[in-house]
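**Student:** First the structure, then my questions, so here it is.
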Amino acid sequence: MPDSPLPVTRRTFLHRTGAGAVLLAGGALAGGTAAAAPALPGSPARRLAPPDLDPLALLKRMLAFDTQNFGEGGVTRPHAEMLKALWESAGVSAEIIPTPKKDNVHLVARIKGTTAAPPLLLLGHSDVVPVERDKWSVDPFAGVVKNGEIYGRGSLDMKGANAAFITALLRHLKEGGKFDRDIIVLTDCDEEAGQYGSRWLAEHHWNKIDAGMVLTEGGWFLAQKDRTTPMLITVTRQDKVYFNLDLVADGTATHSSKPNPDSAIAKLSRAVTALDTWLAPVTLTPVTREYFSALAKATRDAPFKRALELLLSARSQHARERAAALVVKRSSYPWLHRALLRTTHAFVIEDAGYKENVIPSAATVRINCRGVPGGQRPRDFLAGVRERLAGRDVTVKLVGNPGESEEAALKRLDETFAKPPSSIDSPLYAAIGDAARRTYPGAVFAPALFEAGTSLAPWTSRGVPGYGVYPYVLDNDQLVTMHGTDERISVAALQQGTEFMYRLFDRFRAR
Ligand SMILES: [Zn+2]
């Protein structure tokens, strides 16, 4: 998620769920027998499989807490209390850090290591984006397992990853394992929006999260065309650059009985159509070049491989564009690969009109954009959009921070754009690669660009390397459910991803 998300005013299409957060008594956590049923609202005493042995049981428990973030944080305290009890039952001290917003809290657990080496920090947000509940085929907070997949808001992003991280650590602890450095597990809030996220935490409690390297969400584990065989295991070392544009059309406000050609809504719609059929130019950077080369090596799909080779060997922009179109057409993950090739622009919030007998004077659409660091500069993308919409009587505004001029906002984006990727010369990167090769021996391992964003900025801006993985192989249908409807991952992939994490942490065991 974004570096500086702005609050949204029109959210009438989303409605809060009635269930609210589920509070599980800490005492119910330690015991429990084999029944791996989800914790349901109103039945806190339901017995669960010990979550320290099974990532699925832990994930189900996490999913039962409604931590939806509607733009200004969510209710994360009950979820944090559940995890705190879990850590304490394993002998690990954990602290809930309140924020100025009630019940919107961070949780920091610290597993003490045997040396004073700079700690390894795992960063996993507990808040989730809202659900459009009536579109879901199952209850998004019930942890339903169907056809080998676990459904729920956050199952992919990123309670599933948190469950794999935490279960793998608890397995080591259960074996009596000790680590050669402190391992900090930060379960944060306000990642999906809000003012008290990791930046706020770093400003107020840096000593609790000071670390030598950080792992969070990001890299995808992709499958071959059969949708299950591991193909490409990636770890992200860089996030795309996040910014927003507003398209604004003005028109004549009048009585709706007398339509006229100066309609703000019609003008805006024509501009949206013109932008929707346009793609920003393809750019390859050293990071994305390495990614697409690894993909070409990994795929068993010969036509796809040829398209990738064309892309990598293209000598002109024209050839690059043609090859990129072919790559997207032949990819099993077309939206992901289209996004890694260029600055993307997505229409996210439209605002126009308020009464049926009034023609409104203005119509606005917000466009969320994600630039490739080191590729096309945001200011060049903005110029391209303005050129595309020239003569259409709409205004294109870069959305800056309050009171910030466009040039100041562009300068700020220039700095983010120029930030180098995290160095791959670190013990954490080596451990990730080693675990990937051992857990997914038939797949190719490679560093990558994250097409979205993370909360890594407080660390990476201090020179601490930060990486990302979602440790489960997934197919495109599952990938598309991220921030969408029927979010889910494969249970078998989650189990294998937990093995991967276990091996990763094994590199940090004290010998
Ligand atoms: Zn996320």
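**Student:** Would you pick out the residues in the stretch 123-138 that are of a type in the set (Asp, Glu) and either part of a loop (DSSP other than H, G, I, E, B) or at positive phi (or both)?
**Tutor:** Listed by number, the residues that qualify are ASP127, GLU132.
**Student:** Hey, another quick one. Name the pairs: first residue in the stretch 440-463 and farther than 20 Å from ALA223 by Cβ, second residue away from the ligand (no atom under 16 Å from the Cβ), Cβ to Cβ under 6 Å, at least 6 apart or on different chains?
**Tutor:** Once the first residue is farther than 20 Å from ALA223 by Cβ and sits in the stretch 440-463, its partners that are away from the ligand (no atom under 16 Å from the Cβ) give PRO458/ALA202.
**Student:** From the list ALA253, ALA266, ALA249, which residue is in the same structural domain as GLY391 (by TED's automatic domain parsing), surrounded by 22 or more Cβ atoms within 10 Å (Cβ to Cβ) and either among the hydrophobic types (A, V, I, L, M, F, W, C) or away from the ligand (no atom under 16 Å from the Cβ) (or both)?
**Tutor:** ALA249
**Student:** For the stretch 432-464, enumerate the residues that are more than 14 Å from the ligand (Cβ to nearest atom) and closer than 19 Å to THR285 by Cα.
**Tutor:** PHE445, ALA446, PRO447, ALA448, LEU449
**Student:** While we're looking at this one, here's another question. Looking at (1) under 23 Å from PRO98 (Cα atoms); (2) part of a helix (DSSP H, G or I); (3) within 16 Å of the ligand (Cβ to nearest atom), can you tell me which one TRP200 breaks?
**Tutor:** The one condition TRP200 does not meet is (3).
**Student:** A follow-up question, please. Scanning for something more than 22 Å from VAL128 (Cβ to Cβ) and assigned to a loop (DSSP other than H, G, I, E, B), does the stretch 448-461 turn up at least one residue?
**Tutor:** For the stretch 448-461, residues more than 22 Å from VAL128 (Cβ to Cβ) and assigned to a loop (DSSP other than H, G, I, E, B): present.
**Student:** Next question, about the same structure. In the stretch 173-193, which residues are within 16 Å of the ligand (Cβ to nearest atom) and either over 13 Å from ARG110 (Cα atoms) or without any contact (Cβ under 8 Å) to a residue 24 or more places away in the chain (or both)?
**Tutor:** Those that are within 16 Å of the ligand (Cβ to nearest atom) and either over 13 Å from ARG110 (Cα atoms) or without any contact (Cβ under 8 Å) to a residue 24 or more places away in the chain (or both): ASP188, CYS189, ASP190, GLU191, GLU192, ALA193.
**Student:** Going by the conditions given, is LYS112 in contact with a Ser or Thr (Cβ under 9 Å, 6 or more places away or on another chain) and closer than 26 Å to ASP210 by Cβ?
**Tutor:** Judged against the criteria, LYS112 is a match.
**Student:** Would the stretch 495-505 turn up any residue that is touching a residue at least 40 places away in the same chain (Cβ under 8 Å), in contact with a Leu (Cβ under 7 Å, 6 or more places away or on another chain) and within 16 Å of the ligand (Cβ to nearest atom)?
**Tutor:** no
**Student:** Taking the stated definitions as given, is LEU156 within 16 Å of the ligand (Cβ to nearest atom), of a type in the set (A, V, I, L, M) and assigned to a loop (DSSP other than H, G, I, E, B)?
**Tutor:** So LEU156 fits the description; yes.
Table: residues versus (1) touching a helix residue (DSSP H, G or I) at 6+ places or on another chain (Cβ under 6 Å); (2) under 21 Å from LEU410 (Cβ atoms).
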residue	(1), (2)
ALA346	no, yes
TYR354	no, no
VAL358	no, no
ALA362	yes, no
ARG370	no, yes
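The values are calculated or read from the model by the stated rules, or taken from the named source; none is laboratory data. This is a predicted model, so every value here is computed, not measured. Note that we place each Cβ from the backbone using ideal geometry, even for glycine, and neighbour counts take in every protein chain shown.
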